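Notes follow once the structure below has been shown.
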Amino acid sequence: MSSVATIGITDHAQGHLGEVVFVELPEEKSSVSKEKNFGAVESVKATSEILSPISGEVIEVNTKLTDSPGLINSSPYEDGWMIKVKPSNPAELESLMGPTEYTKFCEDEDAAH
């Protein structure tokens, strides 16, 4: 069985964005590349590009976000996911931060601003 990665934004990130009003996502079967733009999120504050944490093939797109972009704010980890990707280089997964590392990263980033 091959692995599938669910990609979206974190609760911390959606909090900084503010109310999300529009989401631009790629097509199914398209490719994403690590640290490259795959879409955008428009909030009441700004439009932000979304970068993929891994490379691979988009196997599913959360079409609910077209009509309900606010799911990113209300449910970033459950209903507000963006895309599901079949990794083309599973070794890239090893470079991702875990929850503890990410929490520290966010605290450090917030303290710097």
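For this structure, a couple of remarks:
- Using a Förster distance of 22 Å, the FRET efficiency for Ser75-Tyr102 (Cβ separation, nearest 0.05): 0.75
- Think of it as helices only: each DSSP H run of n ≥ 4 in the chain is worth -39500 (n - 2.57), and spread over all residues that comes to -6500 deg cm²/dmol at 222 nm.
- Above-threshold pairs, the threshold being 22 Å between Cα atoms, out of Lys34/Lys64; Lys34/Lys86; Lys45/Lys86: Lys34/Lys64; Lys45/Lys86
- Tail weight of P(r) past 23 Å, computed on alpha-carbon pairs of region 5-112, percent: 27 percent
- Over region 54-113, all Cα pairs binned in 5 Å intervals from 0 give whole-percent P(r) values of 4, 15, 14, 16, 22, 19, 9, 1, listed from short to long.
- Packing-based ranking, highest mean first, of 74-85, 12-23 given that Cβ atoms within 10 Å are counted: 74-85, 12-23
- Model label sites at Ser48 and Ser30, defined 7 Å from Cα along the beta-carbon direction, differ in position by 2.0 nm.
- Using C-alpha pairs below 8 Å separated by at least 6 residues, the relative contact order for the chain is 30 percent.
- Available extension along the chain between Thr6 and Glu109 is 34.7 nm, counting 0.36 nm per residue and deducting the alpha carbon span.
Read-outs: derived from the displayed coordinates by stated rules, not from any lab. It should be emphasised that the depicted structure is a prediction, and the values quoted were computed from it without experimental measurement. Please note: Cβ atoms are built from the backbone with ideal geometry, for glycine as well, and neighbour counts cover all protein chains shown.
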